[in-house]
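Quick notes on the structure that follows.
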Amino acid sequence: MTDTLLLIEGAPEVTASFAEAGAQRLRTAEEITESYREAQPGTRWVSDAEALENLTHVLRAIVPSEPEQALLLFFERVYPLDRARWQFLNAYFHTLVLADPSGQFLPRDEMAEVMASDTARDYVIGGEIDEKDQVVVLYRGTLDRLPVPFSFFRPSGSGRAPEFSRFAVADWGQTLRFGDYEASVEAVLYERDPEYRRRAKANRVQRDASFGGAFRRLRLLRGLTQSSFPGVSEREIRRIERNEVEAERIHAETRAVLERELRVPFDEIRSY
């Protein structure tokens with residue numbers, strides 16, 4: 001999916017993670033113009049305050065495109081755009097996501113890798129809490145927005161209730177946290193997105209029989225997060241759960257850590 005992720009290079013500390021993840025870099029007005037005019041539906045753009053002026057300068061000279069495109073903007077202060085400018089950008093991008101302190105987002109390196117993956121739609125990169133309407137607005141890796149009412153997040157069996165003022169996204173876009181309360185993104189999408197539910201049902205047999213599926217079930221059964229394996233990065237755990245690493249190719253040192261934290265022999269993980 002990296003060919004639908006375009007990066008207008010700005011401040012390195014903001015955009016470098018997206019370049020490393022494989023986003024197509026746009027450096028000149030000509031490159032921006034050509035990419036916008038030739039974009040396919042679902043194309044996503046990433047920009048920051050430093051690069052935004054280059055983008056708006058180009059947009060003024062071209063007609064808005066029919067294919068749906070989305071724009072992710074990084075800013076360090078709340079609501080930096082006036083209403084008229086926001087509407088101007090909205091004429092060119094069907095979705096605008098403003099990553100500033102008013103919302104909660106994954107760290108940029110995690111966000112970039114999720115957005116560059118072929119399964120970006122199945123993960124959440126951030127969101128915002130609408131206290132007045134009692135809704136959580138989630139941003140998926142495709143930048144599509146998914147509103148979820150507070151009432152969806154029921155107290156857990158232990159009586160733990162969500163604290164919506166303490167919202168965060170964790171585990172590479174797989175977990176929503178509301179204080180000490182956690183909800184899986186998979187469960188939210190299964191209930192709120194019919195297209196995701198159809199795909200999940202079609203893939204369930206294959207996924208459930210995989211090593212990665214068994215590993216994830218056992219991890220959750222033990223109450224562990226993806227950061228609960230000392231010496232093994234969260235990225236590696238995520239790759240294992242996605243079956244991007246064959247069980248037979250997992251290093252002996254990693255196997256030892258998994259066995260210790262999961263409290264089962266490595267060869268028995270697949271049985272869960």
Quiz item: Are there any strands (runs of 3 or more DSSP E) wholly within the range 1-83 with 2 or more residues that are modelled with pLDDT of 90 or more and within 15 Å of Val97 (Cβ to Cβ), and if so which?
Solution: 5-8, 43-48, 69-74
Exercise. Can you confirm whether the range 232-252 contains a residue that is in contact with a strand residue (DSSP E or B) (Cβ under 9 Å, 6 or more places away or on another chain), among the hydroxyl-bearing types (Ser, Thr, Tyr) and under 23 Å from Thr175 (Cα atoms)?
Key: no
Quiz item: Given (1) more than 28 Å from Asn243 (Cα to Cα); (2) surrounded by 15 or more Cβ atoms within 10 Å (Cβ to Cβ), where does Glu163 come up short, assuming only one miss?
Solution: (2)
Practice problem: Could you list all residues from the range 53-82 that are aliphatic (A, V, I, L, M), free of Cβ contacts under 8 Å to residues at least 40 places away in the same chain and farther than 18 Å from Gly126 by Cβ? | Solution: Val58, Leu59, Ala61, Ile62, Val63
Quiz item: Pick from Gly159, Gly127: which is of a type outside the set (S, T, N, Q), in contact (Cβ under 8 Å) with a residue 24 or more places away in the chain, out of contact with any helix residue (DSSP H, G or I) (no Cβ under 9 Å at 6 or more places or on another chain) and not assigned by TED's automatic domain parsing to the domain that holds Arg242?
Solution: Gly127
Quiz prompt | Test result for Glu128, modelled with pLDDT under 95, crowded, with 17+ Cβ neighbours inside 10 Å and closer than 20 Å to Phe178 by Cα | solution = yes
Quiz item: Residues Glu30, Glu20, Glu68: which one is in contact with a His (Cβ under 7 Å, 6 or more places away or on another chain) and either surrounded by fewer than 15 Cβ atoms within 10 Å (Cβ to Cβ) or β-branched (Val, Ile, Thr) (or both)?
Solution: Glu68
Quiz prompt | Unmet requirement for Arg154, which otherwise passes all of (1) modelled with pLDDT under 90; (2) surrounded by fewer than 14 Cβ atoms within 10 Å (Cβ to Cβ); (3) in a helix (DSSP H, G or I) | solution = (3)
Self-check item: Residue check, Glu261 charged (D, E, K, R) and either loosely packed, with under 12 Cβ neighbours inside 10 Å or under 23 Å from Glu113 (Cα atoms) (or both)
Solution: no
Quiz item: If you go through the range 43-55 one residue at a time, do you hit one that is under 22 Å from the mean Cα position of the chain (by Cα), acidic (Asp, Glu) and under 18 Å from Thr142 (Cβ atoms)?
Solution: no
Exercise. Provide a single number: the residues in the range 157-215 that are β-branched (Val, Ile, Thr) and at pLDDT below 90.
Key: 1
Quiz item: What about Ser35, is it within 15 Å of the chain's Cα centre (by Cα) and farther than 25 Å from Asp130 by Cβ?
Solution: no
Practice problem: Check the range 229-238 and report whether any residue there is modelled with pLDDT of 90 or more, under 26 Å from the mean Cα position of the chain (by Cα), within 26 Å of Ala120 (Cα to Cα) and small (Gly, Ala, Ser). | Solution: yes
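The values are calculated or read from the model by the stated rules, or taken from the named source; none is laboratory data. This is a predicted model, so every value here is computed, not measured. When we count neighbours, we look across all protein chains shown, and the Cβ atoms used for this are built from the backbone with ideal geometry, even at glycine.
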